[in-house]
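*Asks:* Got a structure for you, written out below as structure tokens; questions coming shortly.
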Amino acid sequence: MTEIGREPKKKRKGNRAIRMNLFFLAVFVLFTALIFKLGFVQIVEGDQHEEDAERANAKTAYYPAPRGKMYDRNQKVAVDNQSVPEIVYVSTSSTKTEDKIKTAKRLAAFIHIDTEFLKERDLRDYWIASHPKKALALLKKSESNLKGAQAYKLQIDRIPDQELKAIQKDDEEMEIAAIYTRFSSANAYEPQIVKAMNPNESNRNGKNGTLLDEKKSSTQRPKNDLTYDEISIVSEHLEELPGIDIVNDWTRKYPYDKTLYSVFGGVTTPDQGLLSDRKDFYLTRGYANNDRVGKSYLEYQYEDYLNSHKEKVQYVEDNKGNVVSQKTIDKGSRGYDLRLSFDMELQAEVEKIIEEEVRNSRARGNYMLDRAFAVMMDPNNGDILSMAGKKIDLETNKIQDYAIGAFTTQYEMGSAVKGATVLAGYQDGIPHYKYFVDTPLYLAGNGNKPKKSYTNMGIINELTALQRSSNVYMFNVAMHIAGVTYKPHGPLPADQKDLNKMRNYYSQFGLGVKTGIDLPQESAGMQTTPDAVGGLILDLAIGQYDTYTPLQMAQYISAIANGGYRVQPRIVTSIHEPSKKEGLGKTIEQRKPNILNKINNTESDIQQVKTGMKLVTASGTAKNTFTEDVSGKTGTAETFYYGTNRNWWGKKTYNLTFVGYYPSKNPKVAFSVVVPSVKDDDKINKIIAKRVIHAYAELEKKHGKK
């Protein structure tokens, strides 16, 4: 008989067996699922997980690609790129200071390197890196707990002077220090240029595969430019130089030599890197510290387009930071190309003309003459066809490119502005064929010195005034605008309001305001606020008070040439994708001409002034100057020397100018010529004007243009 409430022993054993079987079944199912999952991960998803693992340990280095090119209006390359071999160094996440020192010492045995860039702080950093035990001993026992920057600062400050002097006396160690400094100038996986070849130099005095201590003295070593011999020996020893590689980089090449060199602007070197005043801006846009950027003018203005799309190389590290593989994931491409308004053939000829005539004029006794400018512009769309400037070094007598002076420097322009004065008079109510008497004016406070023309012309209208360049006619226009009446030997009651009114008229033509050219650092000219205006308003009317740039003068005469429209001058006309073939690629942006304003004159007003300007070249102050059909206006401004030689400051001199357009009917080119600091009887302004227009006309014939 069994006990009440207790399960039979046999039945209890059966239940336990069932539970055990269920447990083992569950374990088997889970184990099978795990096996299946592992197999799926390894076989099906293995490649993806391997890529994910690599991506987690992947680092990307960016190698430079060429900048965009610049082409002239005829699609001739004006600014190109040239391949340049260079030695670069790339550190990894696991690279230690002692690794850099070791590689620097080995590399210094194969190449020479310039050390002039080294600063005292560079030598201190190098000393600590190359003498770790001595550096540690510079800390006191009480400072042994200091770490990082705090400890390093104390060590830097306590390096004995004799240690630094010892480095400076040893040429070879200075080169090691220079190489180490290059190595340490960038972050991990940021390629750093150690030494590059000068594209204009070839294998000069190379090492021929031998070590430094077997070679010539330091005074004979080619330290600045990489040589082919150095490339060869470094290539043979790359396995001994971790982080070192030889790559092809680029440098700017100028097919037209120094033509327009200053306007193209410069590009920083890898040592200079980003412009300090725009560093944060560039860094937020993905630039590296040692990236080269445009530092002036066109290169600076169009940096966003010219900057290249860099080559990307991916380095994969293991868990210890060692590189296990590398591959190029993006070959990169050069920046966008620019099409410029310049005609480089014309530009080169104009520069040649200016240089020749500056030297000729100096030979005629114009010893203060040190610069000259000529700007040629399409008056209809604003294209700058040529913008030339030359500046002579008075000590060496060498002439330099100074095209930037055409829009960054300003001068009194003299009678060349009289076309604007006549048109301002029309706007203020003076009728066509208004007659004034050209006779000397005597003002109170001016002594017995009259305000006059170079000769008494009698009763004349605006056409004769332009033809013969009457000052007195323009004085009368200015007094009309100011609403004042001339009284012999009395004061001229013109004030600042009247001066501003005159300036507002001139600004319609671009005189006294920026032209809007697509280049940085343009000058608006110079306007002063006098304590008393009086007769100064008369000087303004003949170009003897405010100053303007040669480019402003070209814009002003263009507004007359095209019938009254102030057109914005432009250098870049279109932007293009880089093409693997010769010539321009697909257009990504077309720059349209831009009319800034219409001057407030009628067509008949403008035609009247054009008639006067044609009289200038036909029978007036520029008679027998041109062989082509040119209209224009001469200018002579009496002024004082304020050039580069301070010993001549205050000496009386003249600025000679010429503005005009060709042909007289339906003009295709407007131009300004400005030559400061010459004798008033010199003809250099007319000679340059004649020659540049003739050069333009001859090139038209050459290229079959009508």
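The values are calculated or read from the model by the stated rules, or taken from the named source; none is laboratory data. Please read all numbers here as calculations on a predicted model, not as lab measurements. As a convention, Cβ positions derive from the backbone with ideal geometry for all residues, glycine included, and neighbour counts pool all protein chains shown. We work out accessible area using only protein heavy atoms, side chains counted, and drop any ligands, DNA or RNA first. Shrake-Rupley method; radii C 1.70, N 1.55, O 1.52, S 1.80 Å.
*Asks:* Gain in length, ILE595 to ASP280, computed as 0.36 nm per residue apart minus the alpha-carbon separation, to one decimal in nm?
*Replies:* 109.9 nm
*Asks:* Please calculate the 1.4 Å probe accessible area of ARG285, with all protein chains present, and give it to the nearest 10 Å².
*Replies:* Rounded to the nearest 10, that gives 130 Å².
*Asks:* Also, I was wondering about something else. Rounded to whole Å, give me the distance from the Cα center of the range 388-433 to that of the range 134-148.
*Replies:* Taking the Cα centre of each part, the range 388-433 and the range 134-148 sit 68 Å apart.
*Asks:* For the chain, evaluate the Debye formula with one uniform point scatterer on each Cα (no solvent term) and list log10 I(q)/I(0) at q = 0.07 Å⁻¹, rounded to two decimals.
*Replies:* -0.67
*Asks:* Looking at the chain only, what percent of DSSP beta bridges run antiparallel? Nearest 5 please.
*Replies:* The answer is about 95 percent antiparallel.
*Asks:* With the contact rule set at Cα under 8 Å and sequence spacing of 6 or more, what percent relative contact order holds for the chain?
*Replies:* 13
*Asks:* Restrict the search to the range 564-661; then list the chymotrypsin sites (Phe, Trp or Tyr not before Pro) that DSSP places in a loop and that have at most 12 other Cβ atoms within 10 Å of their Cβ.
*Replies:* Here the sparse-neighbourhood loop sites are TRP649.
*Asks:* Would you compute, from DSSP H runs of 4+ residues alone, the mean residue ellipticity of the chain at 222 nm, taking -39500 (n - 2.57) per run and dividing by the full residue count, rounded to the nearest 500?
*Replies:* -10500 deg cm²/dmol
*Asks:* Further question on the same structure: I need the trypsin sites (Lys or Arg not before Pro) found in the range 586-629, filtered to DSSP loop residues with at most 14 other beta carbons within 10 Å of theirs.
*Replies:* Qualifying residues, ordered by number: LYS586, LYS623.
*Asks:* Still on this structure: Mind checking the range 349-421 for GluC sites (Glu not before Pro) that DSSP puts in a loop (not H, G, I, E or B) and that have at most 15 other Cβ atoms within 10 Å?
*Replies:* Loop-located and lightly packed - GLU395.
*Asks:* Quickly work out the ASN289-to-ASP495 label distance, labels modelled 7 Å from Cα along the C-beta direction, and quote it in nm with one decimal.
*Replies:* Each label point lies 7 Å from its Cα, and together they span 6.0 nm.
*Asks:* I would also like to ask the following. Would you kindly state how much longer the chain becomes between LYS705 and LYS623 on full extension, computed as 0.36 nm times their sequence separation minus their alpha carbon distance, in nm to one decimal?
*Replies:* Gain in length upon complete extension: 26.8 nm.
*Asks:* Right, another one. How fast does the range 541-691 diffuse by Stokes-Einstein, in µm²/s, taking the Kirkwood radius from C-alpha pairs at 10 °C and 1.306 mPa s?
*Replies:* 90
*Asks:* Tell me, what is the per residue accessible area of the range 319-455 in Å², probe radius 1.4 Å?
*Replies:* 41
*Asks:* Also, I was wondering about something else. Which links in LYS398/LYS686; LYS418/LYS452; LYS391/LYS501 stretch past 26 Å when you go from one Cα to the other?
*Replies:* Going by Cα-Cα distance, LYS391/LYS501 fall outside the 26 Å limit.
*Asks:* Still on this model: Once fully extended, how much extra length lies between SER232 and TYR442, figured as 0.36 nm per residue of separation less the alpha-carbon to alpha-carbon distance?
*Replies:* 67.4 nm
*Asks:* Once the dipole of the chain is set up with Lys and Arg at +1 and Asp and Glu at -1 on Cβ about the Cα centre, which of THR32, ILE128, SER469 lies farthest towards its positive end?
*Replies:* THR32
*Asks:* Using the heavy atoms of the protein chains and a 1.4 angstrom probe, tell me the accessible area per residue for the range 498-618 in square angstrom.
*Replies:* Ligands and nucleic acids excluded, the figure is 40 Å² per residue.
*Asks:* Can you list the aspartates and glutamates whose alpha carbon is less than 19 Å from that of LYS652, not counting same-chain residues fewer than 8 positions off?
*Replies:* Answer for LYS652, where 19 Å is the Cα cut-off: ASP370, GLU412, ASP539, ASP546, GLU638, ASP680, ASP681, ASP682, listed by chain and number.
*Asks:* Taking every pair of alpha-carbon atoms in the range 629-706, give the share separated by more than 20 Å as a whole percent.
*Replies:* 43
*Asks:* Give, as ranges by residue number, the residues of the range 442-471 whose backbone N falls under 20 Å from the point 7 Å along Cα→Cβ of ALA532.
*Replies:* 442-452
*Asks:* Nearest 20 debye, what's the magnitude of the dipole of the chain about its Cα centre given +1 on Lys and Arg Cβ and -1 on Asp and Glu Cβ?
*Replies:* Roughly 1460 debye for the chain.
*Asks:* FRET efficiency for ASP318 and GLU239, Cβ-Cβ distance as r, R0 = 22 Å, nearest 0.05?
*Replies:* Taking R0 as 22 Å, the efficiency between ASP318 and GLU239 is 0.70.
*Asks:* Same structure, new question: List the lysines whose alpha-carbon lies under 17 Å from that of LYS331, not counting same-chain residues fewer than 8 positions away?
*Replies:* LYS59, LYS310, LYS312, LYS580
*Asks:* Per residue, how large is the accessible surface of the range 111-196? Use a 1.4 angstrom probe and give square angstrom.
*Replies:* Normalised by residue count, the accessible surface of the range 111-196 is 54 Å².
*Asks:* Once neighbouring chains are kept in place and the probe is 1.4 Å, which whole percent of the accessible area of the chain is contributed by carbon and sulfur?
*Replies:* The value for the chain is 49 percent carbon and sulfur by accessible area.
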